[in-house]
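The values are calculated or read from the model by the stated rules, or taken from the named source; none is laboratory data. Note that this is a predicted model, so its numbers are computed, not measured. Neighbour counts are summed over all protein chains in view; Cβ atoms, including those assigned to glycine, are modelled from backbone coordinates with ideal geometry. Remember, those area values only see protein heavy atoms, side chains included, never the ligands or the DNA or RNA. Shrake-Rupley method; radii C 1.70, N 1.55, O 1.52, S 1.80 Å.
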Amino acid sequence: MSSLVLELKQGESMILNGAVIRFKTRTKLELNNHARFLFGKQVMRLEDATSPARQAYYALQQVYIGPEEERAAALDEAREVIGGYLAAAGPKGKADWAALQRLATEETALEALKLARRIIRDEETSPRGN
């Protein structure tokens with residue numbers, strides 16, 4: 001069986017299968033089976049979802065780490081958010097948003113989050129994000 005070892009700093013937070021965990025001391029953690037998790041800068045708070053890509057990221061985050069019974073509704077919301085920005089996007093943005101729309105499923109939510117992080121970086125370096 002393969003495992004994943006994470007090293008987290010004091011004060012960092014992690015969301016593991018929907019539960020928020022805050023580390024009081026520097027910690028090494030070993031996950032031995034499949035779990036949905038985000039930690040550190042990967043976790044976005046609602047109040048930080050202040051741009052199109054950040055809003056999409058937050059919605060996808062809820063699909064990935066939200067409670068299982070809420071994931072379907074979160075997925076609908078994520079697709080709606082992404083679809084709205086896809087319709088309004090310029091040429092470069094349209095390709096990114098279309099790719100994000102294709103990845104917006106429960107099975108590929110982690111890949112969608114990775115793409116959304118890249119779109120956020122692009123959005124922050126370009127005035128229009130297009």
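Restricting attention to the stretch 1-34, the residues being assigned to a loop (DSSP other than H, G, I, E, B) and either surrounded by fewer than 17 Cβ atoms within 10 Å (Cβ to Cβ) or touching a residue at least 60 places away in the same chain (Cβ under 8 Å) (or both) number 15.
Select from the stretch 46-63 the residues that are of a type in the set (D, E, K, R) and either buried (at least 17 other Cβ atoms within 10 Å of the Cβ) or within 13 Å of ILE15 (Cβ to Cβ) (or both) and list them in ascending order.
Within the stretch 46-63, the first condition is being of a type in the set (D, E, K, R), and the residues that meet it are 47-48, 54.
ARG54 - this is the single residue of the stretch 46-63 that is of a type in the set (D, E, K, R) and either buried (at least 17 other Cβ atoms within 10 Å of the Cβ) or within 13 Å of ILE15 (Cβ to Cβ) (or both).
None of LEU110, LEU100 is more than 18 Å from GLU123 (Cα to Cα), in a helix (DSSP H, G or I), at pLDDT 90 or above and not aromatic (Phe, Trp, Tyr) except LEU110. A single entry from GLY66, GLY90 fulfils the requirement of being at pLDDT below 90, closer than 21 Å to THR125 by Cβ and open to solvent by less than 20 Å² (accessible area, probe 1.4 Å): GLY90. Residue check: is LEU29 more than 14 Å from the chain's Cα centre (by Cα), of a type in the set (A, V, I, L, M, F, W, C), more than 18 Å from ALA109 (Cβ to Cβ) and at pLDDT below 90? Taking the combined requirement at face value, the residue satisfies it.
Look at the stretch 93-105: where a residue is open to solvent by 30 Å² or more (accessible area, probe 1.4 Å) and a partner is in a helix (DSSP H, G or I) and among the small types (Gly, Ala, Ser), sitting 6+ places away or on another chain with Cβ atoms under 6 Å, you get LEU103/ALA112.
The residues of the stretch 35-73 that are in a helix (DSSP H, G or I), out of contact with any Asp or Glu (no Cβ under 9 Å at 6 or more places or on another chain) and more than 24 Å from LEU6 (Cβ to Cβ), listed by number, are LEU46, GLU47, GLN55, ALA56, GLU69, GLU70, ALA73.
Taking the criterion of being open to solvent by 60 Å² or more (accessible area, probe 1.4 Å), within 13 Å of the chain's Cα centre (by Cα) and of a type outside the set (Val, Ile, Thr), would at least one residue in the stretch 37-45 satisfy it? Give the steps one after another, and end with the answer.
Filtering the stretch 37-45 down to residues open to solvent by 60 Å² or more (accessible area, probe 1.4 Å) leaves 41, 45.
From the residues that got through so far, the ones that are within 13 Å of the chain's Cα centre (by Cα) too are 41, 45.
Cutting the leftovers down to of a type outside the set (Val, Ile, Thr) gives us 41, 45.
Checking the stretch 37-45: at least one residue is open to solvent by 60 Å² or more (accessible area, probe 1.4 Å), within 13 Å of the chain's Cα centre (by Cα) and of a type outside the set (Val, Ile, Thr).
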